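Presented below is the structure to which this report refers.
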Amino acid sequence: MMNIDSNYNPAAIEKKWYDYWMKNDFFSSKPNDKKPFTIVIPPPNVTGVLHMGHMLNNTIQDVLIRKARMDGFNACWVPGTDHASIATESKVVNLLREQGINKHDIGREKFLEHAFAWKDKYGGIILEQLKRLGASCDWNRTRFTMEPKLSDAVIQSFIELNKKGYIYKDWKIVNWDPKAQTTLSNEEVIRKDVQSKLYHINYQLVGSNKFITIATTRPETIMGDSAICVHPKDERYLHLHGKKVIVPMVNREVPIVTDDYIDIAFGTGMLKVTPAHDANDYEIGIRHQLAVIDTFNDDGTISEAAGIFVGQDRFTARKNVVKLLEEQGLIVKVEEITNNLGYSERNPDTVVEPKLSLQWYVKMEELVKPALAHVMNDDIQLYPPKFKNTYQHWLENIRDWPISRQLWWGQQIPAYYYNKQNEYVIAASKEEALLFAKEKSGNQSLTLADLKQDEDVLDTWFSSWLWPISVFDGFGEDKTDFNYYYPTNVLVTGWDIIFFWVARMIFAGYEFTPTIPLTDGSNRPIEKQKPFNAVYFTGMVRDKQRRKMSKSLGNSPDALGLITTYGADGVRFGMLSCAAAGNDLLFDEALCEQGKNFSNKLWNAFRLVKGWKVDKALTQPESSIIAMEWFEAKLSETLLFIEDNFSKYRLSDVLMSTYKLIWNDFCSWYLECVKPEYLKPIDEITLKTTITYFENLLKILHPFMPFVTEELWQNLEDRKEGETIMLLDYPKAGKVNETLLKNFDDTTLVISEIRTFRKSKNIANKDQIEVLVKKNETINEHLDVLITKLTNLSSLKYVDEKVEGAFSFVVKSNEYFIPMAENIDIESEIEKIKTELAYAKGSLAIVMKKLSNEKFVSGAPKQVVAAEHKKKADAEAKIKVLEEQLASLV
C-alpha cells in the first residue's frame, strides 16, 4: 500500500491542486468546434470580501461549469468585478480625508488616479479568495466594468439609446442619498417600517383668527410649503376654497387649492403641499403653478431658501422646528405612528430624501416589451418559476430609469454643453462633440475649450446591464468571442437583484444584440438575442433561527475561516446540502462538519481499497459477482436521477443522492460485500472493477468537491503529468435492473434484522449462527450468499413449517427463524410482534384511504395506482404472517 495519511488533511492538498490546475491552464477557454457552455459571474464589488452569499453563489456556478466541462462542453466561466460607484467613491473619499485631502480640491482627474490606485491595490481581493473556494473561472478573461473596452461599450449604448429617443433629461423628484450626495433608483431604496411622530400643526387663515390643522411627519419641510390642498368635493372645506393660510415660522402666505389627488377619507382630507420634497406634491405643484422652494442642500442640511435653521442637519432642524412651533403654540398634538421610510441601499443608515433634481433618464416603455414576453413564454427560464410573477409585476409597473449619479467614479455621461443655455450634444468623444455642436448651433467658431462635459456619471447598473455582452466584446470590432459564447447558458444570482440587474440585462440583450450580425454576416435570430437561457435564483443565507446573516447579530461566520477549519470541499458540501433554488439557506456549521466527515469517509474507503493485495490465481466469489451486478444497477439508477435533477437545477438533490450512493451504497454495502477476509487477498477482477467504480464515483462527486476527488483520483492509479479528473467524461447511466435493486433492498432488510438480533443477544460477529427461512412469496435466492457473508451464517436453509422456540422476524411475508440455545423471552417476542403488527396495520390504513378515494384512483397515473395496490397486498400478507406468529406464542 502506498504511504498515505490516516486522515484527510485538506490544507495539505488544496493549494497543491489549485496551483496544478492553474499551471496547466485547465480553466481557460477559447472558441473551437465544441459546443460552448458559458456562465458570467455576477461581478462582485471591487470593495467586497468573500461572504456567505458569495460562497453559495460561486459554489453553484463552479458545480455547473465543472459538470459542463466533464460533459464535453467548451466550458467558459468569466470572472470580473464591478466598479461600484457609490461604495468605491465613498471608500476613496474617506481614505483621502484621512490624509487631509478633499476630492474637490484635487479635481476629477487626480481623484480618479487615487481611485484606480485603490482599485489596483484592493480590488482583486475577492477574486483571489474565490480561488480558495476552488472556483474554476477562466482567470485569463477577468474583466472590470470600468476597463477601457467595457467603458466604451457603456458610452456606445448610451449613444444608441439617445439616437432612438430613449434618453432624456428632466426635473423630477428623485430618491436622494444625502450621504453619498447622489440620486438613487427606486430599486436602490430599501423600505423599512419605523416608529415616527405625527405632528398636528395649526396654520392660520389669512385675515382671520381661525386656524386649520395639518398633520405631517416632516415638520422640517414646512419652510418649503407652497399651498394647502383639499378635494374639490369635500363639503367640510368648501368654505376654504380660494382662501390663503400663513405658513408657520416663515409667515409666508400660500393658497388653499383643490385637487382630485386628495383622498377625502384619508386623515383630515387636507394636505400641505411641498413641491420640492415630495413626488405627489410636485405633480400638484405643476398643475396649480405653485412655487418650488428647495429647502435642503445636497448634504441634507437646511438651505438658504428655508430662511431659518440654515446649515443645520435635517434631523437637528426637525427638533428645532418642533421646539419653535411649541413655543408659538401651533402644535395641537403629537401621535406615535409606524411610518414606512426609504433607506439607501448603499448607505443603510441614511434616510433617502425626496428631492427635486435635474437628472438623466431612460424611457422604459419599449425596452420592457420583449424582456417581458420572452420570460413569460419561457424563452428565458427562471428557476424556481415562482419568480416569473414577481418579474411580471415589476415590468408591468416599471418607471423610467434615472441613470445619472452625482459622482466621479464611473463612466462620465457623454453629453457636452456648448453655450450658456446649457444646450448639449451627445458624442463618443469631445472631438466628435465639437462637430455635432457646430452643426446643431450653426456656430462654426466653437472650439474644444467651449465644450463642457456633464459632471455626472452613469449608474453602476447601466454598465453591469451590458455584462453578458461586453465581457465578450459584443460592442467591439472583433466579435469572434461574442458570436461563439453568447447567449450564455445560465445566470446564477440572488433573487434580491432580479430588478437591479437580471431584468436590465434582459432589456439590454433584446435592445442591443439584434444589430450585431452572426459570424456569417446574417441577421441575429431572436433566440440568440437573450443574454442567457436560464436564471438560477439562490436564496438568502440565514442562520438556524432564520435570521439574516449580519455583523451586528454576530451570526455571520468568517467565510475564509470556515475553509480553514473544514476545507473548501467541506464548506461547499455544507452550503449546497441545504440550498434549494430560490429558497433561503438555513446555514448550520454542522453541515460543513458533515462535509469534512464525508471527505474522511472517502479517504478511508480509498485506504481500504488500496490496501488490498491481489492474488491472480483466485476465482471471483459469487458474492462479489452479485454485488457488482447490483452496484452497476444502483449506479445507473442514481445517474438517471442526477441528470434529471441537474437539468432542473436541483443541485441539493444531486448532492444528496451522490452522498447516499457513496456513503450508503458503495461504502456500507458494496465494499462490505466484496472485501476479502482480514489479511487475505482479493481476486483481480473484483479489485479492478472496484477501482473503476471508485473512479466513477469520484467523477460524479468532482463538481461538488473538486479537491478531495482530484487527490484520490490521482492516487487510484498511476497518472501522467497534465492529467486531471476535471477533463474526464462524466459517467453515463447504463441499464437499470429494477428487479435486482428491489431484491437487494429486501436482502438488506434481512441482514439488518440479523445484525440487530446479534446485538440484542450480545452474539459476537465471529460466532456463526444458523438461519431458517419459511418462504411465503418469491425470494431471489442468488442473494443468499450476501446474507451468509455479511452476517457470518453457518447455514441458511429453507423449511416448510414454522420453527418452534426460535427468534423470528418477517421481511415482506417471508418468515426467518434463528434457533436459540437458551429459552426465548416469550413476553419480549410478543411485544415485538405487536409493534410490527400495529405498524403494518397503520401502513395498510394509509393505503386503503388512498385507494378508497375515487378522485385519486381515477386521476393518478396508472403506475402510481398499481404501486398502491402492491403496497396493499404486501401489507396484508405481512399482517397475516404476524398474526399467525402472535397466535402461536399466546
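The values are calculated or read from the model by the stated rules, or taken from the named source; none is laboratory data. This is a predicted model, so every value here is computed, not measured. Backbone-built Cβ (ideal geometry, glycine too); neighbour counts: all protein chains shown. Heads up: the accessible areas ignore ligands, DNA and RNA and are worked out on the full protein's heavy atoms, side chains in. Shrake-Rupley method; radii C 1.70, N 1.55, O 1.52, S 1.80 Å.
A few notes on this one:
- Angle of helix 430-441 to the longest C-alpha principal axis of the chain, folded into 0 to 90 degrees and rounded to 10: 50°.
- Helix 706-716 and the longest principal axis of the Cα set of the chain meet at an angle near 30°.
- Each of Ser470, Leu198, Pro621 was scored by the projection of its Cα onto the charge dipole of the chain, and the greatest displacement toward the positive side belongs to Leu198; charges sit on the C-beta of Lys, Arg, Asp and Glu.
- Per atom type, segment 159-219 shows carbon and sulfur on 47% of its accessible surface, probed at 1.4 Å.
- For segment 788-890, the Rg and Dmax computed from alpha carbons only, in angstrom: 17.3, 55
- Rg/Rh ratio calculated on Cα atoms of segment 752-827 (Kirkwood radius): 0.93
- Under 26 Å from Lys272, Cα to Cα: lysines that are on another chain or at least 8 residues apart: Lys172, Lys192, Lys197, Lys210, Lys233, Lys243, Lys244, Lys319, Lys323, Lys333, Lys355
- Counted over segment 490-606, the DSSP beta bridges are approximately 10% antiparallel.
- Amide proton proximity set for Ala415, modelled H, under 5 Å, gap of 5+: Asp454
- √(5λ) per eigenvalue of the Cα gyration tensor, segment 581-692, largest first, Å: 32, 18, 9
- 222 nm mean residue ellipticity, helices alone, for the chain (DSSP H n ≥ 4; -39,500 (n - 2.57); rounded to 500): -13500 deg cm²/dmol
- Evaluating kT/(6 pi eta Rh) at 25 °C and 0.890 mPa s, with the Kirkwood radius of segment 228-340 over Cα pairs in the Stokes-Einstein relation, gives 156 µm² s⁻¹.
- Once the Cα gyration tensor of segment 80-122 is diagonalised, semi-axes √(5λ) in Å: 18, 10, 9
- Look at the dipole of segment 659-776 built from charges on Cβ: of Met705, Thr692, Phe757, the Cα furthest out on the positive end belongs to Phe757.
- With coordinates expressed along the principal axes, the C-alpha atoms belonging to segment 417-465 extend over 39, 19, 16 Å, beginning with the largest.
- Using only the C-alpha atoms, the convex hull of segment 449-606 corresponds to 220 Å³ per residue.
- Taking amide H positions as modeled 1.01 Å from N, with prolines and chain starts lacking one, the residues under 5 Å from Val46 and 5 or more places away or on another chain are Asp82, Ala84.
- Size descriptor, Kirkwood hydrodynamic radius, that averages inverse alpha-carbon separations across segment 624-783, Å: 17.9 Å
- Pairs beyond 26 Å (Cα-Cα), from Lys688/Lys775; Lys601/Lys732; Lys675/Lys871; Lys15/Lys732: Lys688/Lys775; Lys675/Lys871; Lys15/Lys732
- For segment 841-857, putting each phi into the Karplus relation 6.51 cos²θ - 1.76 cosθ + 1.60 with θ = phi - 60° gives couplings of 5, x, 4, 5, 4, 5, 5, 5, 4, 5, 6, 7, 8, 4, 5, 5, 5 Hz, in residue order, rounded to whole numbers and with x for Gly and Pro.
- His104 contributes an accessible area of around 130 Å² to the protein surface, as traced by a 1.4 Å probe with all chains present.
- Restricting attention to the chain, close to 70% of DSSP beta bridges with both partner residues there are antiparallel.
- Alpha-carbon gyration tensor eigenvalues x 5, square-rooted, for segment 320-449, Å: 40, 33, 13
- Those aspartates and glutamates that a straight Cα-Cα span of less than 18 Å connects to Lys149, excepting residues fewer than 8 apart in one chain: Asp82, Asp120, Glu160, Asp459, Asp473, Glu477, Asp478, Asp481
- Per-q log10 I(q)/I(0), the chain, q = 0.07, 0.10 Å⁻¹ (Debye; single scatterer per alpha-carbon; no solvent): -0.76, -1.18
- For Thr182, distant residues with modelled amide H under 5 Å away: Asp177
- Reciprocal of mean inverse Cα separation for segment 97-156 (Kirkwood radius, Å): 14.1 Å
- Intensity falloff of segment 638-702 expressed as log10 I(q)/I(0), Debye formula with alpha-carbon point scatterers, at q = 0.25 Å⁻¹: -1.07
- With DNA, RNA and ligands ignored, accessible area of Leu95 (1.4 Å probe; Å², nearest 10): 70 Å²
- J(HN,Hα) series, segment 632-643, from Karplus relation 6.51 cos²θ - 1.76 cosθ + 1.60, nearest Hz, glycine and proline x: 4, 5, 5, 4, 5, 4, 5, 5, 4, 5, 4, 5
- Sparse-neighbourhood loop sites, trypsin sites (Lys or Arg not before Pro) in segment 125-200 - DSSP loop, at most 14 other Cβ within 10 angstrom: Lys164
- A straight Cα-to-Cα reach below 13 Å connects Lys34 with the aspartates and glutamates Asp71, residues fewer than 8 places away in its own chain not being considered.
- Taking N as the residue count of segment 236-302, its C-alpha radius of gyration divided by 2.2 N^0.38 Å amounts to 1.21.
- Measuring how big segment 484-537 is from its alpha-carbon positions, Rg and Dmax come out at 12.1, 39 Å.
- Debye intensity ratio in log₁₀ form over the Cα atoms of segment 673-712, taken at each q of 0.19, 0.20, 0.25 Å⁻¹: -0.64, -0.67, -0.80
- Three-way shape label, segment 555-636, alpha-carbon gyration tensor, a/c 1.5: oblate
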